[in-house]
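Notes follow once the structure below has been shown.
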Amino acid sequence: MKMKVKVVFIVCCALFLSGCFSAKVLVEGKAELIDSPRVVLLGAEINPYQKPKRVNTPEMWFNRKINKRSEEIQKIAKSRVDVQYEILTNHLKNILNVEIVADEEVNRLLEQANCEALKHDVIESGEKRFPHIFCSDSGIHPIEYKAKKISKLNENLGEFKERLAQIAKATSADAMILSISAPHAWGVGAGGFVAKMDLRTYIYVFAPDGSLRSYGEGSSKPFNTNGKDIADFMDALDEYKEISGNLITALK
């Protein structure tokens, strides 16, 4: 699916070596959320750790440090996913003047329509150290994907169109929204001693026929991490409130 790309806000105030970057948000397509009277929140999902795309020696050394803390990192991600769902629900209510269908109301409508089989509790990530993408307790989570495919997921949603259309029919949705986020490491320095980290957040807006109507991607302002401090993951996840609010504003 090809959609016109609209860059809402991108600022890079210097080159990477200066370490001076800012948050960015971009959207593809027209979400038309303010013209959708009834919006269904499909859920919030967190991939605990998005690896650097490059896999050279520095990245391998850096990932080893992260892998040693994988259990702690997964606990943090699991504890934050319901918080993200609540934040996103509030953004939708405060930014959009539409009816938001969320929480137990979604589950009740699915049960009435005998569509409960479409609901997932976790998603298998395909990663050995971080095997699960965590799903909010509320929501449906109808899409399966691998962690390494998240950045291109918007290009590979056609196979879920029928499933999403079924959900839209069961919930009488004019639009459906799904959020995925992940702490992401990149720009690993020599020896794997330090890298940049930010929070990548993706929001998908689906039409009643199950097609992808619009897509937004945001990243928080990056900071330096040595890969050993668990607080860095908490700091990255704390950025969800701002970046998701910017995305909903851009998508409306």
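The values are calculated or read from the model by the stated rules, or taken from the named source; none is laboratory data. If you're wondering where the values come from, they're calculated on a predicted model, not measured in any experiment. With ideal geometry, Cβ positions are generated from the backbone for all residues, glycine too; neighbour counts draw on all protein chains shown.
Please specify each residue of region 229-252 satisfying the condition of being among the aliphatic types (A, V, I, L, M), in contact with a Ser or Thr (Cβ under 8 Å, 6 or more places away or on another chain) and either closer than 15 Å to LEU88 by Cβ or modelled with pLDDT under 95 (or both). I'd like the intermediate steps shown before the answer.
Going through region 229-252, the residues among the aliphatic types (A, V, I, L, M) turn out to be 230-231, 234, 236-237, 243, 247-248, 250-251.
Adding the requirement that they be in contact with a Ser or Thr (Cβ under 8 Å, 6 or more places away or on another chain) leaves 236-237, 243, 247, 251.
Residues satisfying the conditions are LEU237, ILE243, LEU247, LEU251.
Figure legend. Inter-residue proximity from region 200-211: first residues touching a residue at least 12 places away in the same chain (Cβ under 8 Å), second residues assigned to a loop (DSSP other than H, G, I, E, B), beta-carbon distance below 7 Å, spacing 6+ or different chains. Indicated pairs: VAL205/ALA31; PRO208/ALA173; PRO208/ASP174.
Among the residues of region 122-131, just one is free of Cβ contacts under 8 Å to residues at least 60 places away in the same chain and under 18 Å from GLN84 (Cα atoms), namely VAL122.
Of all residues in region 30-50, which are buried (at least 21 other Cβ atoms within 10 Å of the Cβ) and of a type outside the set (A, V, I, L, M)?
SER36, GLY43, GLU45, ASN47, PRO48, TYR49, GLN50
Any residue at all in region 214-232 that is among the aliphatic types (A, V, I, L, M) and touching a Leu at 6+ places or on another chain (Cβ under 9 Å)? Scanning region 214-232 turns up no residue that is among the aliphatic types (A, V, I, L, M) and touching a Leu at 6+ places or on another chain (Cβ under 9 Å).
Specify the residue that is farthest from GLY210 (Cα to Cα); the eligible residues are those in region 6-56 that are assigned to a loop (DSSP other than H, G, I, E, B) and at pLDDT 90 or above. Filtering first and then ranking leaves ASN56. The residues in region 84-121 that are under 24 Å from LEU237 (Cβ atoms), without any contact (Cβ under 8 Å) to a residue 40 or more places away in the chain and part of a helix (DSSP H, G or I) can be counted, and the count is 4. Mind listing just one residue for me: the one in region 216-234 that is under 19 Å from the mean Cα position of the chain (by Cα) and over 13 Å from HIS184 (Cβ atoms) and, of those, surrounded by the most Cβ atoms within 10 Å (Cβ to Cβ)? Here the answer is GLY216.
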